[in-house]
Amino acid sequence: MSTKAQNNILFVAGGTGGHIFPALAVYNLFKNVNSSLYFATDQRGIKFKEISNMNPFLIKALGFERKKLIKKIASLVLLVLSTFKAIFFIKKNNIKIIVGFGSYVQVPFVLAALVLKKNVILHEGNAVMGKANRLFWKYIKIRTSAFNLKEHFPDTIHVGMPIRSQLLQLYKKQYKPIYSKGLFALLILGGSQGSSMLSYGLAKVIVKLPKKLKNKLIIFHQVRQEHILNVKEIYDSNYIKSNVVSFFKDIKNYLNKASLIVSRAGSSTIHESVIAGVPAIYIPIKNSVGNHQYENALVFKNNNAAWLLQEEDIDNGSFIKLISQIMNKPDLLKKLSSNNRRLRKPLAAEKLKKLILSLEDKNV
């Protein structure tokens, strides 16, 4: 462990991919820096191998939004207990800087940091600021974001979304609308929590494509575990080439192949697609908190860099109509890919690293 107290840094992220992956992108940049690194998450974070290997500090947190009264009371009680645990952890390990990536997991740590007068950097990943960040935004040292939030939060530094190093390698790849052997590669991602709508429901609609388009199609489809056999059977019975799994271990490989992505509109997923320069159809989760997924996707739609559909568009014919049009317009795909590239911020993780190091210098 380093003897330089100013280098003790705690990264805090909720246990979903949208929080974990950006946090890891920055965390891993410090492995060759003279720093003592710590990571805190909730029980969900353990499912990520890289997180479980680092033996993170686990904290219990319960969301407050849209909860019944009894659960809101339980959430507040848990918050008080977790804050005391966070204070003890920060003092015991002489943490000087706390870097938060959103979710209720960070709330007790930021509270503890403010009580102990520690430096805090927060990063907001969505186009709509989450409650966990909004609570503390004006009280902390450095505020950063993936989207441009300066209209409503003028002191925010627009760094972009930190992207995993292996996916950053896609930044220089040349986008091609057609995969090998003349096939159109459709990559479908259901989000880190899985999605029935983008799983079995979407497969049933895709097979309604005209035969000549189905013959040109190869589908890489992430589905819920319980839907794998049914979705595979749907594609096989319609003679559509496919690879159906519950999780893509090497997402870089599939982003590299994709002609088009269909996915939810979580910020991490969107920005990874943008780094790869692959056009996408975003289908936001209905009624996400603050409607943030819709707002995320709307930013890219308004920049003519993506298509935006609602869940009901899967069944009402809009989705199949759009896919049919897209598959016949490679020049349109190239145009949207180019527009994606204009919006990319590949140095987001590096910029966050520099901001963290600037606080270290002030601690000397």
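Take residues that are under 23 Å from residue 117 (Cα atoms), modelled with pLDDT of 90 or more and of a type in the set (A, V, I, L, M) and tell me which of the helices (runs of 4 or more DSSP H) falling wholly in segment 1-101 contain 1 or more. Break it down stepwise before answering.
On the way: elements: 17-27, 49-53, 69-92.
Counting at least 1 such residues, we get 17-27, 69-92.
Within segment 339-357, the set of residues being touching a residue at least 40 places away in the same chain (Cβ under 8 Å) and not aliphatic (A, V, I, L, M) comprises 340, 341, 344, 345, 346, 350, 351, 353. The listed residues are 105, 110, 115, and the only one of them that is modelled with pLDDT of 95 or more, under 17 Å from residue 135 (Cβ atoms) and either buried (at least 18 other Cβ atoms within 10 Å of the Cβ) or not aliphatic (A, V, I, L, M) (or both) turns out to be 110. If you filter segment 211-255 down to residues that are at pLDDT 95 or above and aromatic (Phe, Trp, Tyr), you find that the one that is farthest from residue 275 (Cα to Cα) is 239.
In summary, helices (runs of 4 or more DSSP H) completely within segment 278-328 and bearing 3 or more residues that are closer than 17 Å to residue 343 by Cβ occur at 292-302.
Annotation: residue 91 fulfils all but one of (1) open to solvent by less than 60 Å² (accessible area, probe 1.4 Å); (2) in contact (Cβ under 8 Å) with a residue 24 or more places away in the chain; the unmet one is (1). Within segment 317-361, being modelled with pLDDT under 95 and hydroxyl-bearing (Ser, Thr, Tyr) holds for one residue alone: 358. For segment 230-256, the set of residues classified as touching a helix residue (DSSP H, G or I) at 6+ places or on another chain (Cβ under 9 Å), assigned to a helix (DSSP H, G or I) and among the hydroxyl-bearing types (Ser, Thr, Tyr) consists of 235 only. For beta carbons closer than 9 Å, sequence separation of 6+ or different chains, a first residue in segment 65-78 that is open to solvent by 90 Å² or more (accessible area, probe 1.4 Å) and a second that is modelled with pLDDT of 70 or more and β-branched (Val, Ile, Thr), the qualifying pairs are 66/289.
Selection within segment 201-229: residues that are part of a helix (DSSP H, G or I), open to solvent by 80 Å² or more (accessible area, probe 1.4 Å) and not hydrophobic (A, V, I, L, M, F, W, C). The member of this set that is nearest to residue 246 (Cα to Cα) is 225.
Considering only segment 147-158, I want to know if a residue exists there that is of a type in the set (Val, Ile, Thr), open to solvent by 10 Å² or more (accessible area, probe 1.4 Å), outside any helix (DSSP H, G or I) and in contact (Cβ under 8 Å) with a residue 24 or more places away in the chain. Outline the logic, then answer.
Step one: list which residues in segment 147-158 are of a type in the set (Val, Ile, Thr), which gives 156-157.
Now restrict to residues that are open to solvent by 10 Å² or more (accessible area, probe 1.4 Å): 157.
If we keep only those that are outside any helix (DSSP H, G or I) too, we end up with 157.
Narrowing further to those that are in contact (Cβ under 8 Å) with a residue 24 or more places away in the chain: 157.
Yes, the conditions are met somewhere in segment 147-158.
Scanning segment 115-146 for residues that are under 14 Å from the mean Cα position of the chain (by Cα) and assigned to a strand (DSSP E or B) gives 123, 124, 145.
If you scan segment 272-298, which residues turn out to be buried (at least 19 other Cβ atoms within 10 Å of the Cβ) and either over 15 Å from the mean Cα position of the chain (by Cα) or within 23 Å of residue 178 (Cα to Cα) (or both)? Give the steps one after another, and end with the answer.
Filtering segment 272-298 for residues buried (at least 19 other Cβ atoms within 10 Å of the Cβ) gives 272-285, 292-294, 296-297.
Passing the criteria: 272, 273, 274, 275, 276, 277, 278, 279, 280, 281, 282, 283.
The values are calculated or read from the model by the stated rules, or taken from the named source; none is laboratory data. All values reported here derive from a predicted model rather than from experimental measurement. Cβ coordinates were reconstructed from backbone atoms using ideal geometry, including for glycine residues, and neighbour counts include every protein chain displayed. All accessible areas refer to the heavy atoms of the entire protein, side chains included, with ligands and DNA or RNA removed. Shrake-Rupley method; radii C 1.70, N 1.55, O 1.52, S 1.80 Å.
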